[in-house]
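Shown next, in structure tokens, is the structure this report addresses.
The values are calculated or read from the model by the stated rules, or taken from the named source; none is laboratory data. Just so it is clear, the model here is predicted, and its values are computed rather than measured. Every residue, glycine as well, gets a Cβ built from its backbone with ideal geometry; the counts of neighbours run over all protein chains shown. Side chains are part of the model used for accessible areas, which takes the heavy atoms of the whole protein and leaves out ligands, DNA and RNA. Shrake-Rupley method; radii C 1.70, N 1.55, O 1.52, S 1.80 Å.
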Amino acid sequence: MAAEKQNEAKVSLLDENKENLQDGGLGLEILQIIKESQQQHGLRHGDYQRYRYLLLVLMEAERAWSYAMQLKQEANTEPRKRFHLLARLRKAAKHSEKLEKLCESPRVDAKTKLEAQAYTAYLTGMVEFELQEWKRAMEAFNKCKTIYEKLASAFTEELAVLYRQRVDEISPNIRYCAYNIDDPNAIKDLMQMRLTGGGGGMMAEKLESLITQARTKQAATMSEVEWRGRTVPVKIDKARIFLLGLADNEAAIAQATNEETKEHLYETLLAECRDTIQAVREELKTEAKQRERSSDADSGKVSNLQFLHSYLSYIKLCTLVKRNESMAHTLQAKLKEPESDENKRGPRPQDLIRLYDIILQSLAELSTLQGLEDDHTFQKEVSLKTLVYKAYRCFFIAQSYVLVKKWSEALVLYERVLKYAKEVQSKAKSLNNSFRDLPDIQDLIAEVNAEKYSLQAAAILGESIPAQQQVKDNKPLCDHLEAFHLDPTLVGKQPNLPLFFDLALNHVAFPPLDDKVEQKGKGGLTGYIKGIFGFGS
């Protein structure tokens, strides 16, 4: 009876908590994990010792390591947690050493022994890295890397990918250790990793800090910069550091293999540029106060500091143009792809219009930079770029009208695109290499012409008839074959077509054809039979 009452109480408790089973708190699929672990770690073959010791110790190490990583994130704002972080990392390393010793048993296969050694080397390297013991950390990471590279070459491709990923993860750590023990080539490797998107996560912050330190050392040798025919001294350290890294950042963007990496590099460059411009603005405020106190005869002239500010603003605005042009190029490619998922919203012409609006706004700001008002070549270049991007913006506005079947508006805009394109071609003759960084205007012209023909065909097929194109005049069709004029009276079910009568036929005298035509009834069936057997002739 007592057992029955106890079971009833358990069932009642379960019923009461049924509504809470799906609340979404911290969950653990206990039975599923137990069964999967038992099947994968020895119990399939009755090896209880393997399941009892190896997996348990591994999970203890992972538990301590994951806690250390959590503390590492929190230590950015709470430095006191760094001591606790090191303690948990040491504990993880001790568990891994215990795992490695257990794997020395003859019952453990060679692959597991190697993996245990690599795991211990990895966690040992993490401890030494946090302690800034660069040489010992580098030795541990190199041991880990060597083992994983050997394993990658010895097993299936699926496992090899896993091993190579771990090698890629620890490579930035190795380069960072090498830099700190004065390896002259390490900084180049680290910069390349950073530029190509390597060294993600927490290591990325260390790379950024390291590269900034390296540029700071180089900045001591930089004293001036030349732009638009004027040499400007650079006395602000932040500006020196930024300008030294500019070429590297631009090279990285050009080499980026995917759009996500490229966008990240653009954002990094723009953030650095904004910070540098802000530092120069602070100096400009000080300079303005000094000018107010003194009666400088050249107060109307753009100072070196103002010109440096213009140069940095030019870099920022040009980078914005390039970034948005890159995004527009990607969207254009997606716009031409067929939609695979009807429920998922794909790119639209409106998205491209917004990008070209930002580009045109950046170009408008470029033309107003201080110190460049009288630089006629610069102003012409900006004007030419503005025309090109206006043409592209106008093209996608036309595309948006096409989507809603506003044919007349779309045709007018296509004509405007061609007008912009012709203007670009005429102005570009006086400016050499003006198209180097611009999208191809010839491609746009070809695309506009193709779209116009498609639009006219759609109108003829009866989807809609543009009001502007509904032209009725007295000219015969043969006089305007090259021009598209849609007469609504000619495209309906009962077209009003002109009728032509050939009256000359009534006055034509045809030659006699009696000798050419066989006389009816001559020879009859007898002649036909004779002709077949050949004796008729």
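The number of residues in segment 228-248 that are assigned to a strand (DSSP E or B) and in contact with a strand residue (DSSP E or B) (Cβ under 6 Å, 6 or more places away or on another chain) comes to 3. With respect to being aliphatic (A, V, I, L, M) and open to solvent by 30 Å² or more (accessible area, probe 1.4 Å), ALA279 falls outside the description.
Here ALA64, ALA93 are screened, and the one residue that is out of contact with any Gly (no Cβ under 7 Å at 6 or more places or on another chain), open to solvent by less than 40 Å² (accessible area, probe 1.4 Å) and over 25 Å from ARG175 (Cα atoms) is ALA64. The residues in segment 252-304 that are modelled with pLDDT under 85, out of contact with any helix residue (DSSP H, G or I) (no Cβ under 9 Å at 6 or more places or on another chain), of a type in the set (S, T, N, Q) and part of a helix (DSSP H, G or I) can be counted, and the count is 1. Against the conditions (1) part of a helix (DSSP H, G or I); (2) surrounded by 18 or more Cβ atoms within 10 Å (Cβ to Cβ); (3) more than 23 Å from the chain's Cα centre (by Cα); (4) among the aliphatic types (A, V, I, L, M), LEU355 satisfies every one except (3). Residues in segment 368-382 that are closer than 15 Å to HIS309 by Cα and surrounded by 15 or more Cβ atoms within 10 Å (Cβ to Cβ): how many? Residues that pass the stated criteria total 3. Only residues that are of a type in the set (S, T, N, Q) and free of Cβ contacts under 8 Å to residues at least 60 places away in the same chain were counted across segment 231-257, and they come to 2.
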